[in-house]
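To start, the structure itself, in structure tokens.
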Amino acid sequence: MNIGVLGLQGDVAENINASRQAMAKLGIKGTVKQVKTPEELASLDGLIIPGGESTMIGQMSLVNGAIKTIKEKIQAGMPVFGICAGLILLSKNVRDKTVGKTNQPLLDLLDVRVERNSFGRQKDSFETEVSAEPLGIQRMRGVFIRSPSIEDLGKNVKVVSKFNEKVVAVQQGNILATSFHPELTNDVSLHRYFISMVATRKK
Ligand code: GLN
């Protein structure tokens, strides 16, 4: 199994680590590596788009052509896990809590509208307990860093987690997305779920 973490900007190493641990726990053999170019993306079975700055990741992947390959592969069924900025990039619609409309490149695949910086700015970052019961995860830690919230869910989008009445994790078929960061805790249950999604598709 080949897992890639989009490594143009953001917390790449933490996601590589969490994915390797999750694979080991599941007894699955494979590689997890940082990917940047369309060529590196081509051979992947699953992709993680990490947290960071969605405008920056979007612009860079537009310039190097990665955004087109990522979109095609997801449309062809490749599982993808978008975290925070990654969730924003996957979405069809985005607005920022303070500045409103953002003109940023999007993959335009996940049928939701996200509100950027929904929980406040950097200084408002926090860690809390969340659950993802539809995925069989009763409780886990989630780190919220300038996190978005998820609104206007299309009918194919399943709520996976809520925090303070806001939707903070969803799944739409082969797309899994969270507004919090699971890779910044030592709990790899969501990465494990994602690796299982990839394994199921490969069967
Ligand atoms: N607020 C950031 C953005 O809009 C996302 C923050 C994060 O990924 N931790 O891109």
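Structure notes:
- Burial order of peptide ranges 18-25, 196-203 (average beta-carbon count within 10 Å, highest first): 18-25, 196-203
- For the chain: accessible area per residue (Å², 1.4 Å): 44 Å²
- Charge dipole (Cα centre; +1 on Lys/Arg Cβ, -1 on Asp/Glu Cβ; no other charges) of segment 97-184 amounts to roughly 200 debye.
- Shape call, segment 164-203: gyration tensor on alpha carbons, a/c limit 1.5: oblate
- Anisotropy class of segment 117-203 from Cα gyration tensor, a/c 1.5 cut: oblate
- In this calculation the C-beta distance from E129 to N64 is compared with R0 = 35 Å, giving a FRET efficiency of 0.35.
- Segment N156-R141, length gained on full extension (0.36 nm per residue, minus Cα span): 2.8 nm
- Other residues with beta-carbon under 13 Å from the beta-carbon of L109 carry, at +1 per Lys or Arg and -1 per Asp or Glu, a net charge of +1.
- Take each peptide in 45-53, 122-130, 104-112, 82-90, count the other Cβ atoms within 10 Å of every residue, and average; sorted highest first, the result is 82-90, 45-53, 104-112, 122-130.
- FRET efficiency, T200 to N164 (Cβ-Cβ, R0 25 Å, nearest 0.05): 0.20
The values are calculated or read from the model by the stated rules, or taken from the named source; none is laboratory data. As the structure is a computational prediction, the values presented were derived from the model and not from experiment. All Cβ positions, glycine included, derive from the backbone under ideal geometry; neighbour counts span all protein chains shown. These area figures cover heavy atoms from the full protein model, side chains too; ligands, DNA and RNA do not enter into them. Shrake-Rupley method; radii C 1.70, N 1.55, O 1.52, S 1.80 Å.
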